[in-house]
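Notes follow once the structure below has been shown.
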Amino acid sequence: MLKTELGELIVSAAKKAQRRGDLPKFDLPPVVVEVPKRPEFGDYATSVALSSARLARTSPMKIADAIVRNLPKAPFVGKVEIAHPGFINFTLDTGWVASQVEAILEAGMSWGNLDIGAGRSAQVEFVSANPTGPLHFGGARNAVLGDTVANLLTAAGYHVQREYYVNDAGTQMKLFGESLFARYAQALGEDVPLPEEGYRGAYVVEWGQEIAESQGRRFLDMPRDKAVAETTELGLRKALDLMREDLASMGVEFDRWFSERSLYKDGTFARVMSLLRSADLLSVEGGAVWFLASKLGGSKDEVIIRSDGTPGYFASDIAYHYDKFVIRGFDWVIDVWAVDHQGHVPRMKLMMKALGLDPKRLTILLYDMVRLRRGGEEVKISKRSGDIVTLREVVEEVGSDAVRFMLLTRSAESTLDFDLQLAVEQSSENPVYYVQYAHARISSILRKAAERGVNSSGGDVSLLTHPSEQALIRQMLRLEDVIEIAVSNLEPHHLPFYAQELASLFHQFYRDCRVLPGSDGDIPLSKARLKLVEATKVVLAKALGLMGVSAPEEM
């Protein structure tokens, strides 16, 4: 990474300056290299001279001057300037920048990949909605965030597993099964009431009728508990099948669908309870079993097993994460949760301590709600069912690409407005259309070049010195920076903004620089520019691919 290499040059220069007596002896603070917000300040900048001033007891300008005078030569560094009150600004060498077109073409779709993970294992557990009905569109944000984070981690050198945690045990599944049985019985003319807190969606009525048609009165002729259990299984299977279909329509697939029930069947939960008991972290009060979180610094203790003998949701969480870290041995686990679960995060960190695990190995990525709009009007219910708006309905209306791209255009912790009208608009106002159009435009240029018998073979990229050419290449070079930031902070929203800027710079380049030879017949320059066009196509496709968005050849 250029930022890393620049950081190493700065450290080397500071140490050399100290050896030569240009700087006093002090421990250099961490060197942070960033992209300046304003292009006139160069391609990269560091404020290390400012952060060193107190330690060196020397003015930032003097420190910056000493560092610059002792900088080792590097082929990618063109110009180095000091700006008040002590910033060091770096501008990349024009010739070196142009040469990177060849490097991009050689790397292909691996361009921008990093080795941050160094092969370590990472698990991303996401969506994990209760399998009690169709996926609500709000869950689409979870799906897109989790899947894109997994893509980014893979590009950063992690060995990644995607997992869906199936909540097939507990209160909600019980209520769902009883609700479905009631609707099944009602479809056969029986007066069976819904549970008081049961599922009342139109889909439960529909599913109940389907079961009545396929099974007849079979479940009415068996003991109630057994009938509800079998009905629950049919509902669970249908819900999971629909979820798989809906998620696949957005390109989201999982390596494993993990059953909550399995934690109790295979003895994992019993093993965890034994460990907690041995660590003196359990107590029994009022017939319930409590996890003594207060012993680990928690504000209050938590119920693991209720007084009626049923495990609470925290019980499953402890056993599930024991399975992830201890049994399966993941180095890093990322759980993607809605923000309304944020109060549960401290408990999870205490749970890690209780299991003797480093809490830093577990990251909870929280995301805020999505408001669905059509122009200026908020959409709250489905036209089709008069109930929830499902993920399937939205994907069918606007397409997977628009859903994925637009759900990434805000940071996860921000509320997001999804405009159905904008998502299908074919204009520069629609960000996904704007970026995809750039890729399609590139494909069109390359087709026209082929029709004219012009190609990039033998193109001399050193000819790419025009400011618009240089700006475009510099943006392509920043993909690895974007991946590094997105992975380090789990912020995939940097990708759509990067892609939009890259598309904008391509459109600007195409406006300013003739690609195909005109009346002047400048074939060498056309060949060089065709290489640049081909490289841009690679990087645009890579950025879109990380978001799970297609790169169309024509639009």
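Rule-based calculations on the coordinates, nothing more; no lab input. In this text, all values refer to a predicted model and were calculated from it rather than measured experimentally. Cβ placement follows ideal geometry from the backbone for every residue including glycine, while neighbour counts extend to all protein chains displayed.
Shown in residue order for segment 191-199 are the 3J(HN,Hα) couplings computed by the Karplus curve 6.51 cos²θ - 1.76 cosθ + 1.60 at θ = phi - 60°: 8, 10, x, 6, x, 4, 10, x, 8 Hz (x for Gly and Pro).
Between the alpha-carbon centres of segment 532-555 and segment 61-90 there is a gap of 36 Å.
Cβ crowding within 10 Å ranks ILE445, ILE318 as ILE445, ILE318, fewest other Cβ atoms first. Counted residue by residue at 0.36 nm each, then reduced by the alpha carbon distance between them, the extension gain from THR310 to ARG374 reaches 18.6 nm.
In whole percents, the pair-distance distribution calculated for segment 458-527 from its alpha-carbon pairs, binned every 10 Å from zero, is 19, 39, 25, 13, 3, 0. How far is the Cα center of segment 96-156 from the Cα center of segment 254-298, in Å? Centre-to-centre (Cα) distance: 32 Å.
Available extension along the chain between SER294 and SER121 is 59.1 nm, counting 0.36 nm per residue and deducting the alpha carbon span.
May I ask you to derive the FRET efficiency for GLU425 and HIS136 from their Cβ-Cβ distance with R0 = 35 Å, giving the value to the nearest 0.05? Plugging the Cβ-Cβ distance into 1/(1 + (r/R0)^6) gives 0.90. For segment 322-402, applying the loop criterion from DSSP together with a ceiling of 12 other beta carbons within 10 Å to the trypsin sites (Lys or Arg not before Pro) yields LYS380, LYS383, ARG384. Report, to the nearest 10°, how far helix 202-215 tilts away from the longest principal axis of the Cα atoms in the chain, using its own Cα long axis and a range of 0 to 90°. With both axes taken from Cα atoms, the answer is about 60 degrees.
Between SER462 and ARG244, the distance separating the two model label sites (each 7 Å from Cα on the Cα→Cβ line) works out to 5.8 nm. Rounded to the nearest 0.05, what FRET efficiency do ALA338 and LYS73 have when you use their Cβ-Cβ distance and R0 = 60 Å? The value I calculate is 0.70. Cβ crowding within 10 Å, taken as a proxy for footprinting-reagent exposure, orders THR132, THR310 from fewest neighbours to most as THR310, THR132. Entry for segment 409-555 at q = 0.22 Å⁻¹: log10 I(q)/I(0) = -1.41, Debye formula applied to identical alpha-carbon scatterers, no solvent contribution. Bridge orientation summary for the chain: considering DSSP beta bridges with both residues in this region, about 50 percent are antiparallel. Along segment 389-394 the Karplus relation, 6.51 cos²θ - 1.76 cosθ + 1.60 evaluated at θ = phi - 60°, assigns HN-Hα couplings of 8, 8, 4, 4, 4, 5 Hz to successive residues, with x for each Gly and Pro.
Less than 5 angstrom separates the built amide H of LEU365 from those of ASP335, VAL336, TRP337, all sequence-distant by 5 or more or on a different chain.
When GluC sites (Glu not before Pro) are flagged only if DSSP places them in a loop and at most 15 other Cβ atoms lie within 10 Å, the longest unflagged stretch of the chain comes out as 1-189.
Electrostatic tally near VAL454: other residues with Cβ closer than 13 Å to its Cβ, Lys and Arg +1, Asp and Glu -1, net +4. Under the convention that each Lys and Arg Cβ holds +1 and each Asp and Glu Cβ holds -1, the size of the dipole of the chain around its Cα centre is about 1860 debye. Cross-linked pairs LYS226/LYS265; LYS37/LYS62; LYS265/LYS349; LYS238/LYS380; LYS3/LYS542; LYS79/LYS448: Cα-Cα separations exceed 28 Å for LYS79/LYS448. Contact order for the chain, expressed relative to its length and based on alpha carbon pairs under 8 Å spaced 6+ residues apart, stands at 15 percent. Between ILE327 and SER12, the C-beta separation translates, for a Förster distance of 41 Å, into a calculated FRET efficiency of about 0.35. Once the Cα atoms are used to define both axes, helix 94-107 deviates from the longest principal axis of the chain by about 40 degrees. Let me know the shape class of segment 358-466, please: from the alpha-carbon gyration tensor, a ≥ b ≥ c as square roots of the eigenvalues, rounded when a/c is under 1.5, otherwise prolate if a/b is greater than b/c, or oblate. It is oblate, given that a/c is not under 1.5 and a/b is not larger than b/c.
Evaluating 6.51 cos²θ - 1.76 cosθ + 1.60 at θ = phi - 60° for every residue in segment 505-513, the Karplus couplings come out as 5, 5, 4, 5, 4, 5, 5, 8, 10 Hz, glycine and proline recorded as x.
By how many degrees, between 0 and 90 and to the nearest 10, does the Cα long axis of helix 138-155 differ from the longest principal axis of the chain? So the helix axis and the longest Cα principal axis differ by about 50 degrees. Remark: relative contact order (segment 195-333) = 12 percent; criterion is Cα-Cα distance under 8 angstrom and separation of 6 or more residues. In terms of its C-alpha gyration tensor, segment 97-169 has a prolate overall shape, because the principal axis ratio a/c (a ≥ b ≥ c, square roots of the eigenvalues) is not below 1.5 and a/b outweighs b/c. Just check segment 188-240 against the gyration tensor rule for me: Cα atoms, a ≥ b ≥ c as the square roots of the eigenvalues, rounded for a/c under 1.5, and otherwise prolate or oblate depending on whether a/b exceeds b/c. It is rounded, given that a/c, with a ≥ b ≥ c, falls under 1.5. Short-range pairs are left out: with C-alpha atoms under 8 Å and at least six residues apart, the relative contact order of segment 283-418 is 18 percent.
Each part reduced to its alpha carbon centroid, segment 309-388 and segment 223-249 end up 22 Å apart. Sparse packing (at most 10 other Cβ atoms within 10 Å of the Cβ) combined with a DSSP loop state is found for the following trypsin sites (Lys or Arg not before Pro) in segment 18-86: LYS25, LYS37, ARG57, LYS73.
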